[in-house]
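Notes follow once the structure below has been shown.
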Amino acid sequence: MHAAYQLYGGALFGFAYRALDDRQLAEDVVQETFVRAWRSPRGFDPDQGSMRTWLFAIARNGVTDAIRRRKVREAPDSSWDAVSESASGFDPVDQLLERIQLTEALDRLSPQHREAVVEVYFGGRTCAEIGEELNISASTMRSRLYYGVRALRLILEENGWLVQ
């Protein structure tokens, strides 16, 4: 990893900095890129591409995650407000109604399913991040997310709030 960092660290930092326009965040993305690469060395296959290409793909994912997290942090009141404003039209009454409907539907989910849906879709986090925080596998989190979204869709359909 040290040799890879010496070869590609500067280019990765430049890439992340241009995308994020934030020096500290770009440094964090580069560090996370090498941590992810170190944790998953089997992800690199020289038959599919160069190490540089592999590291840039990891960095691109890190930049995307950083942008999502920044958007959530910059939301006016909460991530709920940001979701409602971006998901609906310009009518404030419609926005309020959608927020109420979504809140009621989320309240009917189990705590584990609600946490997965809220953290991934509204918090911009990955299943792997949440799983690591909760000390469970990423596949368990993906399962919770899948069944949470499925249950949420059924609740919204039952109440006539979701038109297919």
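Just checking, which of V83, V63 is modelled with pLDDT under 85, within 15 Å of the chain's Cα centre (by Cα) and not charged (D, E, K, R)? Let's see the steps before the verdict.
On the way: V63 fails: modelled with pLDDT under 85.
On inspection, the qualifying residue turns out to be V83.
Can you pull out every residue in segment 23-54 that is within 20 Å of the chain's Cα centre (by Cα), at pLDDT 90 or above and either farther than 18 Å from R69 by Cβ or not hydrophobic (A, V, I, L, M, F, W, C) (or both)?
Q24, E27, D28, Q31, E32, T33, F34
Is segment 140-156 home to any residue that is of a type outside the set (V, I, T), farther than 30 Å from V63 by Cβ, at pLDDT 90 or above and not in a helix (DSSP H, G or I)?
no
Considering only segment 95-111, how many residues are surrounded by fewer than 19 Cβ atoms within 10 Å (Cβ to Cβ) and either of a type in the set (F, W, Y) or not in a helix (DSSP H, G or I) (or both)?
Of the residues in that region, 2 qualify.
So, in segment 140-161, of the ones that are surrounded by fewer than 16 Cβ atoms within 10 Å (Cβ to Cβ) and in contact (Cβ under 8 Å) with a residue 12 or more places away in the chain, which residue ends up farthest from the chain's Cα centre (by Cα)?
Per the stated criteria, the residue is N159.
R114 fails exactly one of the following numbered conditions: (1) charged (D, E, K, R); (2) in a helix (DSSP H, G or I); (3) modelled with pLDDT under 85; (4) farther than 30 Å from W38 by Cβ. What is the number of that condition?
Of everything listed in (1) charged (D, E, K, R); (2) in a helix (DSSP H, G or I); (3) modelled with pLDDT under 85; (4) farther than 30 Å from W38 by Cβ, R114 misses just condition (3).
Taking A37 as the residue in question, decide whether it is part of a helix (DSSP H, G or I) and touching a helix residue (DSSP H, G or I) at 6+ places or on another chain (Cβ under 7 Å).
yes
Regarding D65, is this residue among the acidic types (D, E) and either touching a residue at least 12 places away in the same chain (Cβ under 8 Å) or in a helix (DSSP H, G or I) (or both)?
Working: among the acidic types (D, E): yes; either touching a residue at least 12 places away in the same chain (Cβ under 8 Å) or in a helix (DSSP H, G or I) (or both): yes.
Answer is yes for this residue.
The values are calculated or read from the model by the stated rules, or taken from the named source; none is laboratory data. Because the structure is a prediction, the values reported are computed rather than measured. All Cβ positions, even for glycine, are placed from backbone atoms using ideal geometry, and neighbour counts span all protein chains on display.
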